[in-house]
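Everything on this sheet refers to the single structure shown next.
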Amino acid sequence: MNIPKVDLPRVVIVGGGFAGLNLVKKLRKLPIQLVMLNKHNYHAFQPLLYQVSTCGIEPDSIVYPLRMFIKRQKNFYFRLADVKSVDPVNKILTADIGDLSYDYLIINTGTKTNFFGNKQIKKYAMPMKTIPQALNLRSLILQNFEKSTIVASNEDKKFLLNFVIVGAGPTGVELAGAIAEFRQGVLPTDFPDLDPELMQIHILEGADRVLPPMSLKSSKKATEALKKLGVKIHTNTIVTDFDGKLVKTKDGKEFKTRTLIWSAGVTGNLLNGFPETSYNPRSNRYYVDEFNKVKGYEDVFALGDIALMQSESYPNGHPQVAQPAIQQAKLLSANFSKILKGKTNLKPFKYNDKGSMATIGRNKAVADIWNLQFSNFLAWLIWMFIHLMSLVGFRNRLVVFLNWVYNYTSYNKASRLIIRRFSVSSRRVRTNSEL
């Protein structure tokens with residue numbers, strides 16, 4: 001990988017998520033050689049991916065180039081690489097660009113969409129975990145609208161304009177609200193020859209309510225807001241099959257649609273090479289102790305979504321959101337000077353739950369912060385402020401803020417562009433010459 005050998009411990013970070021980003025910021029003053037490997041050359045702010053897919057903002061406003069940190073840090077190297085496996089005994093990583101030895105390894109590979117082993121659904125459903133996936137979904141949504149203007153029958157129009165979202169967690173709820181607002185604000189102006197009543201949004205949830213991780217009060221408020229937007233909610237509903245045209249559920253419901261958006265769960269992005277005793281096969285998360293050390297190893301750490309730190313308060317591990325990753329990275333950075341000196345008096349991790357929230361649309365959101373519940377306009381302001389300040393880089397904050405102001409004042413979504421056409425059946429982007 002063309003990383004120079006120096007008389008410093010080599011610390012390799014795999015992944016450029018929230019934990020990786022904070023580690024790079026915090027470890028810069030320590031006497032180490034720091035190497036980051038990531039499949040993309042940017043950090044993506046995943047909580048706002050749904051706005052990319054629904055034409056609210058452009059993708060470049062929620063990403064940050066990882067090489068920007070090279071300017072600020074000595075002995076830091078970034079390599080664009082897809083890590084394939086790890087040999088934890090000999091301390092060697094194998095990636096698509098070569099091998100690399102390490103003294104300490106920090107895994108921050110996050111999660112991927114979990115289709116629970118259903119290959120048919122995986123083949124045709126639309127995930128939304130990455131920037132390319134969000135752009136694919138945006139293209140498909142807009143292509144559906146365009147195609148609806150040229151098909152003759154209302155039945156065909158309904159098929160194209162029927163959007164089914166699986167999973168009523170924060171991502172599913174936010175997507176449903178954004179698509180519903182698109183129907184209200186954009187469809188009548190951009191597509192005056194289409195009847196908005198032909199467009200339907202369904203959200204399917206296996207639990208008995210939307211936003212299962214949040215309070216009953218917030219769940220109820222979110223349900224009311226979604227229904228007011230015309231979203232049809234189906235709880236206690238488990239999807240069993242989708243062939244690209246028809247969604248089938250366990251209780252016998254069927255939905256004709258071209259677009260099934262899957263936000264029903266995630267699974268860890270494990271690296272090959274670790275024994276089965278080091279990770280949970282159900283969630284694909286590494287077992288870690290209170291110092292984020294992977295079970296069985298003193299020199300391998302796992303942070304964030306990929307780490308399963310079990311405790312009395314969190315028997316199933318911490319929630320797979322940004323805050324645990326950020327807090328674990330900050331603590332590990334503080335402990336690392338002791339680790340380098342061989343000290344054992346490390347500070348254990350204690351999660352500070354800052355709450356959870358979800359937005360449903362204009363002036364509508366819910367937030368559980370400590371023991372308080374907020375809803376509607378106040379929760380919406382809180383949601384906007386926290387997400388805005390969590391973006392990396394002043395430019396991104398400014399661009400997203402201006403986009404939000406424009407969208408709010410004009411009832412408009414400016415990013416309604418099919419930059420590249422997408423075909424679900426071929427699962428790839430097709431050029432204009434192929435269409």
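The values are calculated or read from the model by the stated rules, or taken from the named source; none is laboratory data. Given the structure is predicted, the values throughout are model-derived calculations rather than measurements. Using ideal geometry, Cβ is built from the backbone for each residue, glycine included, and neighbour counts are taken over all protein chains shown. Heavy atoms of the whole protein, side chains included, go into the accessibility calculation; ligands, DNA and RNA do not. Shrake-Rupley method; radii C 1.70, N 1.55, O 1.52, S 1.80 Å.
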>> When you check residue 47 against the structure, is it open to solvent by 20 Å² or more (accessible area, probe 1.4 Å) and either touching a residue at least 12 places away in the same chain (Cβ under 8 Å) or touching a strand residue (DSSP E or B) at 6+ places or on another chain (Cβ under 9 Å) (or both), yes or no?
In response: yes
>> I'd like to verify a number: residues in the stretch 98-151 that are more than 18 Å from residue 62 (Cβ to Cβ) and among the small types (Gly, Ala, Ser), how many?
In response: 5
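Each row is one residue, and each column tells you yes or no for (1) closer than 30 Å to residue 156 by Cα; (2) of a type in the set (Gly, Ala, Ser).
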site: 235; (1), (2): yes, no
site: 242; (1), (2): yes, no
site: 245; (1), (2): yes, no
site: 249; (1), (2): yes, no
site: 262; (1), (2): yes, no
site: 266; (1), (2): no, no
site: 279; (1), (2): no, no
site: 298; (1), (2): no, no
site: 313; (1), (2): no, yes
> If you scan the stretch 85-123, which residues turn out to be among the polar types (S, T, N, Q), out of contact with any Lys or Arg (no Cβ under 8 Å at 6 or more places or on another chain) and either open to solvent by less than 10 Å² (accessible area, probe 1.4 Å) or under 20 Å from residue 239 (Cβ atoms) (or both)?
Replying inline: 114, 118, 120
>> Exactly one of these conditions fails for residue 56: (1) part of a loop (DSSP other than H, G, I, E, B); (2) surrounded by fewer than 17 Cβ atoms within 10 Å (Cβ to Cβ). Give me its number.
In response: (2)
>> Name the residue that is nearest to the chain's Cα centre (by Cα), counting only residues in the stretch 304-339 that are open to solvent by less than 50 Å² (accessible area, probe 1.4 Å) and over 21 Å from residue 16 (Cα atoms).
In response: 317
> When the stretch 65-75 is examined, which residues are found to be in contact with a strand residue (DSSP E or B) (Cβ under 7 Å, 6 or more places away or on another chain), surrounded by fewer than 19 Cβ atoms within 10 Å (Cβ to Cβ) and not in a loop (DSSP other than H, G, I, E, B)?
Replying inline: 65, 67, 70
> Among 407, 363, which is at pLDDT below 90 and over 21 Å from the mean Cα position of the chain (by Cα)?
Replying inline: 407
> Pick from 197, 181, 174: which is at pLDDT 95 or above and of a type in the set (Asp, Glu)?
Replying inline: 174
> Any chance the stretch 191-198 includes a residue that's open to solvent by less than 50 Å² (accessible area, probe 1.4 Å) and free of Cβ contacts under 8 Å to residues at least 40 places away in the same chain?
Replying inline: yes
>> Anything in the stretch 268-291 that is more than 19 Å from residue 38 (Cβ to Cβ) and of a type in the set (Gly, Ala, Ser)? List them, or say none.
In response: 278, 283
> How about the stretch 172-190: which of its residues are buried (at least 22 other Cβ atoms within 10 Å of the Cβ) and of a type in the set (Val, Ile, Thr)?
Replying inline: 173, 179
>> Looking only at the stretch 149-190, count every residue that is among the charged types (D, E, K, R) and either out of contact with any strand residue (DSSP E or B) (no Cβ under 8 Å at 6 or more places or on another chain) or without any contact (Cβ under 8 Å) to a residue 12 or more places away in the chain (or both) and tell me the total.
In response: 4
